[in-house]
Amino acid sequence: MLSDPTCAVCGQRAWDDLETKVYEKSDGPRLEPYLRSRFEILFGTWFAGQSRATIVVQNCRNCGFVAFAPRPEEDDIRAKYEMSLTLPRSRAVRPPDNLSDERRSRRLAAELSSVLRPGSAVLDVGGGDGRLMSPLVTAGHRAFVVDFKTEPVAGVTRLGATVDELAPESRFDVMVLSHVLEHVAEPLTLLQQLHNHLDDAGHLLVEVPMELYRRVPPRREPLTHINYFHTESLRAVLMRAGLLPLQCRFGWHYTEKQIVVRALCKKGEPTIYDNSRGPQLTRALVAGDPRALISLLEAERRRTVRAVARYGARRGRGAIRAVLGRIGRAG
């Protein structure tokens, strides 16, 4: 664990503390089964030998990325997953044909429809058994997955447990990174690896949860997610990895109960993005300040429209304004 980490997005060490959160080991036995198991892992790995876990949630003054200290490293993440495999499952595994994943896979296919070509090679990174690729397989595309799960669904080819196991020469027309980036110790490194395996005319779709609206994350435990993005910080890390966003916007998860940030990128060259609005957006989101949000997100919408216009397509116009209205109604 790193006690004084640099920002995983911009590499700076310029933090503003948002909140200190404390988790007591003694609370574990009183919690519901899933959360109880998370506390067992938390105090069995990252805070082993301690009775109290204290973290400081921080906002990067340079880019608006939110994380906490002490920050887990790759070995800490690995230890978490290794211990989780030793505990009894507290949640039933959903079958591949369940309604929720079918709906999610259809929405994913719709998001990718504008960039798919006949017979595209599509890689789902961290996609479990690859079930979200099923509609693409049906449509005649070649679907692949990298994940620790060893038995993919029919029509999907598993290429290994991690991106490190991909053949150096392998290239893909489309990649999907759905609800993965919030879990990894080095998000920039992962995106740079994907850049190397993306075809020159390829596209990457990234989706992460947006957990900053009217609250300071994490909510119940710090084990699950360690990175907290909004549109500005996600755009910054993508561009630094050489992935140029055609869209980077707020949206809704397939359940329409969770706000997400979704970005569709094309391959480019690494760029330092001037996202001085990032820290402002973090503060406005956490405070739920509607006037600040309207101003910041309207500027973001204009940037997205300009990027799409340069690319020669008309996608994403008005999305930010529509989502902002729904956020306001929900709040």
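The values are calculated or read from the model by the stated rules, or taken from the named source; none is laboratory data. All values derive from a computational prediction rather than experimental measurement. Cβ coordinates were reconstructed from backbone atoms using ideal geometry, including for glycine residues, and neighbour counts include every protein chain displayed.
Of note:
- Extreme residue, nearest to Leu191 (Cα to Cα), among residues of the stretch 153-170 that are surrounded by 14 or more Cβ atoms within 10 Å (Cβ to Cβ) and among the aliphatic types (A, V, I, L, M): Val163
- Pick from the stretch 1-26, criterion touching a Lys or Arg at 6+ places or on another chain (Cβ under 9 Å), more than 27 Å from Ser276 (Cβ to Cβ) and not small (Gly, Ala, Ser), ranking: surrounded by the most Cβ atoms within 10 Å (Cβ to Cβ): Tyr23
- Among the numbered conditions (1) out of contact with any Gly (no Cβ under 9 Å at 6 or more places or on another chain); (2) assigned to a loop (DSSP other than H, G, I, E, B), the only one that Val180 does not meet is (1).
- Pairing residues of the stretch 1-22 that are under 20 Å from Arg52 (Cβ atoms) with residues that are among the aromatic types (Phe, Trp, Tyr), at Cβ distances under 7 Å and at least 6 apart in sequence or on separate chains, gives Met1/Trp46.
- Any hit, the stretch 221-233, residues being touching a residue at least 60 places away in the same chain (Cβ under 8 Å) and in a strand (DSSP E or B): yes
- Any chance Gly242 is surrounded by fewer than 24 Cβ atoms within 10 Å (Cβ to Cβ) and on the phi > 0 side of the Ramachandran plot: yes
- Whichever residue in the stretch 245-258 is of a type in the set (A, V, I, L, M, F, W, C) and at pLDDT 85 or above and, among such residues, is surrounded by the most Cβ atoms within 10 Å (Cβ to Cβ): Cys248
- Put simply, of Thr54, Thr45 the only residue that is modelled with pLDDT of 90 or more, β-branched (Val, Ile, Thr) and surrounded by fewer than 16 Cβ atoms within 10 Å (Cβ to Cβ) is Thr54.
- Subset of the stretch 181-207 [more than 17 Å from Arg71 (Cβ to Cβ) and under 12 Å from the mean Cα position of the chain (by Cα)]: Leu191, Leu205, Val206, Glu207
- Residues being within 15 Å of the chain's Cα centre (by Cα), of a type in the set (Phe, Trp, Tyr) and under 17 Å from Cys60 (Cβ atoms) - total across the stretch 229-288: 1
- Members of the stretch 57-89 found to be among the aliphatic types (A, V, I, L, M), closer than 13 Å to Pro222 by Cα and either surrounded by fewer than 19 Cβ atoms within 10 Å (Cβ to Cβ) or out of contact with any strand residue (DSSP E or B) (no Cβ under 7 Å at 6 or more places or on another chain) (or both), listed by number: Ala69, Ile77
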